[in-house]
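A short worksheet on the structure shown next.
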Amino acid sequence: MRIVFMGTPDFAVASLHALLEAGHDIAAVVTAADKPAGRGQKIHESAVKQYAVAKGLKVLQPLKLKDPEFLTELEALQAEIQVVVAFRMLPEVVWNMPPKGTINLHASLLPDYRGAAPINHAIINGETVTGVTTFFLKHEIDTGDVIFSEQVSIGPDETAGDLHDKLMETGARLLVKTIDAIERNDYQEVAQAITAEQKHAPKIFKEFCEINWNQPAQQIHNHIRGLSPYPTAFTKLQGKNLKVFKAALQPGNPKEDAGSFVTDGKTFLKFAAADGYLALEDIQYEGKKRMQVGEFLRGMRL
């Protein structure tokens, strides 16, 4: 089958690579437009574009997905199916174009964790299992009929970054399996069963990232893991933001008020929670580089 692949970040690159390695015909790649980034505002190309260019694939970068010129070019590719991995919401005129439809790879076990940040929210909620799902796109986001899904375990100290990499590889394999099954017409679609207990994965904003030390220690630990390495949990220390990439749970009954810190000024810095402590390990103080807590304490008087 001729495939048009749509994706932007690193997560999508693994899937594009897997499809090529499996011998599938990639007619073109659709990805985000180049944009300035960083202090120097240098033009940044998406990870998918960089990979596609290196492989000699045709690349389309529409600013608007309903642009008539883009739609004409997309239609001229005569793709039999479109694949979406970590891209953006498609208008019906795009997802309904190919004869075999458009499939999406989503980083959760649907219908749980529909939305923009499924990896983060699964860890924040303390899940021990998540997974990846392939499904056909339809009008409402992440609601299409499921083709395949595969479970992935979450370790007690795994971060969103760790889980991202596991799901990226598992998802790439599942996507190849899905395309192969569609090609053979050997699959069954299953409608998503919606329940009152369904869990959601909305976009994460900065205010959500601030640590609430009045919560139980385990909940805070999950919050830190689920936001590491990005967008990163943070707290205030001497009036400045302190990003926390990693912290260890320490049980106990704090005498200090929640949010107070205890340190020896050399080796440890821990904050009191409602029912224990979080010992910070990997941090970044406002205006400083990311570092281990011991290095931070050597240059900081608390």
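The values are calculated or read from the model by the stated rules, or taken from the named source; none is laboratory data. Note that the structure is predicted; figures quoted are calculated from it, not measured. Every residue, glycine among them, receives a Cβ derived from its backbone with ideal geometry; neighbour counts consider all protein chains shown. Surface areas here come from the heavy atoms of the whole protein model, side chains and all, with no ligands, DNA or RNA. Shrake-Rupley method; radii C 1.70, N 1.55, O 1.52, S 1.80 Å.
Scanning the stretch 275-292 for residues that are farther than 15 Å from Ala233 by Cβ and surrounded by 15 or more Cβ atoms within 10 Å (Cβ to Cβ) returns Asp275, Gly276, Tyr277, Lys288, Met291.
The single residue among Phe208, Phe268 that is under 30 Å from Thr128 (Cα atoms), more than 24 Å from the chain's Cα centre (by Cα) and open to solvent by 30 Å² or more (accessible area, probe 1.4 Å) turns out to be Phe268. Which of the residues spanning the stretch 61-75 are within 23 Å of the chain's Cα centre (by Cα) and open to solvent by less than 30 Å² (accessible area, probe 1.4 Å)? Scanning the stretch 61-75 gives Pro62, Leu65. The requirement of being open to solvent by less than 40 Å² (accessible area, probe 1.4 Å) and closer than 20 Å to Ala116 by Cβ is fulfilled nowhere in the stretch 176-189; no residue meets it.
Take the stretch 68-125 and flag every residue that is more than 24 Å from Val190 (Cβ to Cβ) and of a type in the set (Lys, Arg). Within the stretch 68-125, Arg88 is the sole residue that qualifies.
A single entry from Ala272, Ala233, Ala279 fulfils the requirement of being in contact with a Pro (Cβ under 9 Å, 6 or more places away or on another chain) and in contact (Cβ under 8 Å) with a residue 12 or more places away in the chain: Ala272. Look at (1) within 27 Å of Leu65 (Cα to Cα); (2) buried (at least 19 other Cβ atoms within 10 Å of the Cβ) and you find that Ile123 fails only one, number (1).
So, Gln198, is that one out of contact with any Phe, Trp or Tyr (no Cβ under 6 Å at 6 or more places or on another chain), under 28 Å from Phe148 (Cβ atoms), loosely packed, with under 13 Cβ neighbours inside 10 Å and of a type outside the set (Ser, Thr, Tyr) or not? For Gln198, the condition - out of contact with any Phe, Trp or Tyr (no Cβ under 6 Å at 6 or more places or on another chain), under 28 Å from Phe148 (Cβ atoms), loosely packed, with under 13 Cβ neighbours inside 10 Å and of a type outside the set (Ser, Thr, Tyr) - is not met.
Checked against the criterion of being out of contact with any His (no Cβ under 8 Å at 6 or more places or on another chain), within 13 Å of Val30 (Cα to Cα), in contact (Cβ under 8 Å) with a residue 60 or more places away in the chain and surrounded by fewer than 20 Cβ atoms within 10 Å (Cβ to Cβ), the stretch 41-57 contains not a single residue that satisfies it. Taking the numbered list (1) surrounded by fewer than 20 Cβ atoms within 10 Å (Cβ to Cβ); (2) modelled with pLDDT of 95 or more; (3) over 13 Å from Gly226 (Cα atoms); (4) β-branched (Val, Ile, Thr) in turn, Thr128 passes all entries but (3).
Can you name every residue in the stretch 211-259 that is in a strand (DSSP E or B), among the aliphatic types (A, V, I, L, M) and surrounded by 15 or more Cβ atoms within 10 Å (Cβ to Cβ)? Ala233, Leu237, Leu242, Val244, Ala247, Leu249 - these are the residues of the stretch 211-259 that are in a strand (DSSP E or B), among the aliphatic types (A, V, I, L, M) and surrounded by 15 or more Cβ atoms within 10 Å (Cβ to Cβ).
With the requirement that a residue be under 15 Å from Leu77 (Cβ atoms) and of a type in the set (Ser, Thr, Tyr), what does the stretch 92-122 give you? Once the filter is applied, which keeps residues that are under 15 Å from Leu77 (Cβ atoms) and of a type in the set (Ser, Thr, Tyr), the stretch 92-122 yields only Thr102.
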